[in-house]
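**Q** Before we start, here is the structure in question, set down as structure tokens.
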Amino acid sequence: MALGRVNQGSRTVSLEAGAVPGGPRCPACGAPLFVWVETRGWGPREDQVIDRCENCGLAVPRDAVPDPDGAAAELTGSHGADAADRLTLRAPNAASVQAWLGAENWAALRPGERELKPSPRSAELLLAKRGLGVGRVRHLAAPGMASMWQTLLNLLTFHRNFASEAISGRLRPSEGRGRAAYAIDVMVTVLAAVPTAILAVLIEGAAVLARRGGVIEIEANFLPDPERPASDAKPA
Ligand SMILES: [Zn+2]
């Protein structure tokens, strides 16, 4: 993954901010974590710094970097649906076109959330820690387009994920960035809904074809051998 990508976006923090001795390390591959973006919260949900591993692509909030076992448990527990010998999990893809395009406006980054966002490579590494080998990775078109649509709208509105946050009642006009910003976001969302939806279908359609979709579904099998051959199959 190109280092230069972390510099796009107006609120991006310098790359060097993450590279300190004893600083946080990637729970999937052990490489140093670098600051990727800073997201804005509102109300009780504060601004967050999101780190990203330039080696395997994992994205994780700076104040909630889990240890390797915790990260593997979070991935399999929060996203996964267990079967007898297999696990299927669906997750936002940190190595997607929409994560790159949206950066701090990526729809998968919800205010105040502490969840890690995997890439296919980091998911493979974390699943191997739980004795799981990745069988298939699908890039899901419809959920990816919905997330791309929200990401494009986020580039235009003051509040991230404005429509879903407002409809759910988590964001009220008196909170966030004020009543004027709220009113403008209502107007922008209504006016831009159709054009951004068309763009989302086109961009995400191409991203899925390039296997850079915004939502991935991973099928993993429990390995019979505890020596974890999946982690030996490819160099880290
Ligand atoms: Zn990593």
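**Q** Which of the numbered conditions does W100 fail, given that it passes all the others? Conditions: (1) surrounded by fewer than 20 Cβ atoms within 10 Å (Cβ to Cβ); (2) in contact with a Ser or Thr (Cβ under 9 Å, 6 or more places away or on another chain); (3) modelled with pLDDT of 95 or more.
**A** For W100, the exception is condition (2).
**Q** Tell me, which helices (runs of 4 or more DSSP H) lie completely within the range 106-198 with 1 or more residues that are within 16 Å of the ligand (Cβ to nearest atom)? Spell out how you get there, then give the answer.
**A** Values: elements: 120-129, 141-154, 162-168.
It comes to 120-129.
**Q** Let me ask something else. Output the number of residues of the range 49-63 satisfying the condition of being of a type in the set (A, V, I, L, M, F, W, C) and surrounded by fewer than 18 Cβ atoms within 10 Å (Cβ to Cβ). First the steps, then the outcome.
**A** Kept after step one, since they are of a type in the set (A, V, I, L, M, F, W, C), are these residues of the range 49-63: 49-50, 53, 56, 58-60.
Going one step further and asking which of them are surrounded by fewer than 18 Cβ atoms within 10 Å (Cβ to Cβ), we end up with 49.
The qualifying residues number 1.
**Q** Then there's this: What residue, of A230, A220, A146, A192, is touching a Leu at 6+ places or on another chain (Cβ under 9 Å) and at pLDDT 95 or above?
**A** Details: A230 fails: at pLDDT 95 or above; A220 fails: at pLDDT 95 or above; A146 fails: touching a Leu at 6+ places or on another chain (Cβ under 9 Å).
It is A192.
**Q** Looking at (1) within 16 Å of the ligand (Cβ to nearest atom); (2) more than 28 Å from R160 (Cβ to Cβ), which is the only condition E74 fails?
**A** Condition (2) is where E74 drops out.
**Q** Within the range 21-72, can you find the residues that are among the small types (G, A, S) and part of a strand (DSSP E or B)? Break it down stepwise before answering.
**A** To start, the set of residues in the range 21-72 that are among the small types (G, A, S) comprises 22-23, 28, 30-31, 41, 43, 57, 59, 64, 70-72.
The one that is among the small types (G, A, S) and part of a strand (DSSP E or B): A59.
**Q** Now for a separate question. Spot the failing condition for E46; the list is (1) away from the ligand (no atom under 14 Å from the Cβ); (2) buried (at least 16 other Cβ atoms within 10 Å of the Cβ); (3) modelled with pLDDT of 65 or more; (4) closer than 30 Å to L156 by Cα, and only one is missed.
**A** It is condition (2) that E46 fails.
The values are calculated or read from the model by the stated rules, or taken from the named source; none is laboratory data. Everything numeric in this text was worked out from a predicted model, so none of it was measured. Glycine gets a Cβ as well: all are built from the backbone with ideal geometry, and neighbour counts include every protein chain shown.
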